[in-house]
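The values are calculated or read from the model by the stated rules, or taken from the named source; none is laboratory data. Worth saying up front: this structure is predicted, and the values here are computed from it rather than measured. A quick note on method: Cβ atoms are made from the backbone with ideal geometry, for glycine too, and the neighbour counts reach across all protein chains shown.
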Amino acid sequence: MTIYPKMILDALATVRYPGTGKNLVESGMVADNIRIDGNKVSFSLIFDKATDPFIKSVVKASETAILTYVGKDVEIVGNIGIESKQTPRPEVGKLLPQVKNVIGVSSGKGGVGKSTVAANLAVSLAKLGHRVGLLDADIFGPSVPKMFQVEDARPFAQEVGGRELIVPIEKYGIKLLSIGFFVDPDQATLWRGGMASNALKQLIADANWGDLDYFVIDMPPGTSDIHLTIVQTLAITGVVVVSTPQAVALADARKGINMFTNDKVNVPILGLVENMAWFTPAELPENKYYIFGKEGAKALAEEMDVPLLGQIPLVQSICESGDKGTPVALNEDSVTGRAFLQLAASVVRQVDRRNVDMAPTQIVEIHTGDPHKH
């Protein structure tokens with residue numbers, strides 16, 4: 001039996017796209033690349049988006065239609081090709097070209113206030129006049145929606161340069177995205193590592209972050225696939241490691257620093273933040289009670305030869321502000337608000353210092369004597 005392109009088209013005309021009810025041919029979904037070699041056939045289907053939910057079912061129906069209406073002996077070479085009308089995602093090395101600095105906020109263990117530090121660092125950077133984005137990359141425990149009182153927000157997509165991009169939520173002058181906007185907050189996110197990594201890549205690469213001076217990423221606690229996904233997806237300027245002065249937290253912070261400075265990861269450590277450095281009662285702002293130990297993170301910073309970026313006191317208002325969706329850094333007159341502003345200034349100094357160190361060296365030739373001899 002001789003197979004002709006029209007036979008393939010006639011078979012595919014019996015398959016309807018569930019989104020519109022029209023068949024694949026009249027919908028213009030069959031690419032002009034049908035190849036026939038004896039009983040071997042190859043072709044591609046075109047979808048509006050690479051994430052189209054009907055791709056698998058349409059491909060299966062197309063295979064069945066070919067075998068039913070053209071012949072059971074037809075061999076579809078490889079897999080049916082999938083093309084997208086959407087402009088493809090940029091390559092990894094070219095992601096977020098309008099973002100100047102990417103700052104990861106990490107911790108060796110949970111419960112040390114990493115997300116609180118990330119949120120208030122972002123607010124403080126914005127208060128210093130910078131354009132800031134904050135990505136909640138803690139896939140299994142997103143907290144940014146609550147901390148910014150945007151739990152009911154539902155980001156939408158808009159077409160930008162031929163691509164459908166997610167529009168971040170804006171609050172307090174900061175662009176925000178979190179997996180928490182897309183999942184049921186009352187249900188556990190039961191995803192394997194690959195699913196979590198793919199979701200994170202979409203929040204990074206398929207969002208309209210625009211021009212940013214600082215892109216702050218609230219990383220999950222510990223060391224995991226998510227950390228590797230982030231460092232493999234983005235050119236990270238540096239990481240801020242958060243710890244309490246407690247010995248257990250410091251041991252895990254040491255592991256986190258070692259992970260980022262490992263030869264295979266090789267991400268600069270901007271410095272260490274000692275959170276809950278001491279407890280200060282609101283009515284006695286000069287009093288300091290070292291309930292988790294004294295200056296443990298400061299000692300670790302000296303040991304590992306990394307800067308101590310700041311010490312954040314523990315006050316009741318920091319918890320209340322986070323629960324209400326008004327980060328404490330919004331109040332510059334509070335003890336904690338001032339501490340976060342100082343932290344932001346320290347981060348900016350470290351980033352500027354690193355950028356200077358990374359800048360190409362300029363070679364200047366100095367000539368002496370008679371200029372005509374040179």
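Numerical summary
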| read-out | value |
| --- | --- |
| Single unsatisfied condition, Ala65 versus (1) out of contact with any strand residue (DSSP E or B) (no Cβ under 9 Å at 6 or more places or on another chain); (2) part of a loop (DSSP other than H, G, I, E, B); (3) among the aliphatic types (A, V, I, L, M) | (2) |
| Residues satisfying the stated conditions in the stretch 1-34, i.e. modelled with pLDDT under 90 and touching a Ser or Thr at 6+ places or on another chain (Cβ under 6 Å) | Ala31, Asn33 |
| Residue selected from the stretch 228-249 under the condition buried (at least 18 other Cβ atoms within 10 Å of the Cβ) and among the small types (Gly, Ala, Ser), by the criterion modelled with the highest pLDDT | Gly238 |
| Candidate set: the stretch 19-62, residues that are part of a strand (DSSP E or B) and more than 36 Å from the chain's Cα centre (by Cα); chosen: the one surrounded by the most Cβ atoms within 10 Å (Cβ to Cβ) | Val41 |
| Filter result for Ala153 (buried (at least 16 other Cβ atoms within 10 Å of the Cβ) and more than 27 Å from Val267 (Cα to Cα)) | yes |
| Matching residues, the stretch 1-18, being surrounded by 14 or more Cβ atoms within 10 Å (Cβ to Cβ) and either hydrophobic (A, V, I, L, M, F, W, C) or over 46 Å from the mean Cα position of the chain (by Cα) (or both) | Ile3, Met7, Ile8, Leu9, Ala11, Leu12, Ala13, Val15 |
| Ile3 touching a strand residue (DSSP E or B) at 6+ places or on another chain (Cβ under 6 Å) and not charged (D, E, K, R) | yes |
| Residue satisfying all of: in the stretch 287-306; surrounded by fewer than 17 Cβ atoms within 10 Å (Cβ to Cβ) and not charged (D, E, K, R); farthest from Ser243 (Cα to Cα) among these | Asn287 |
| Any hit, the stretch 297-315, residues being within 16 Å of Lys114 (Cβ to Cβ), in a helix (DSSP H, G or I) and more than 23 Å from the chain's Cα centre (by Cα) | yes |
| Boolean, Asp225 is farther than 25 Å from Phe140 by Cα and surrounded by fewer than 22 Cβ atoms within 10 Å (Cβ to Cβ) | no |
| Near pairs, Cβ below 7 angstrom, 6+ apart or cross-chain, from the stretch 154-170 (in contact (Cβ under 8 Å) with a residue 24 or more places away in the chain and among the polar types (S, T, N, Q)) to any residue that is surrounded by 10 or more Cβ atoms within 10 Å (Cβ to Cβ) and part of a strand (DSSP E or B) | Gln158/Leu165 |
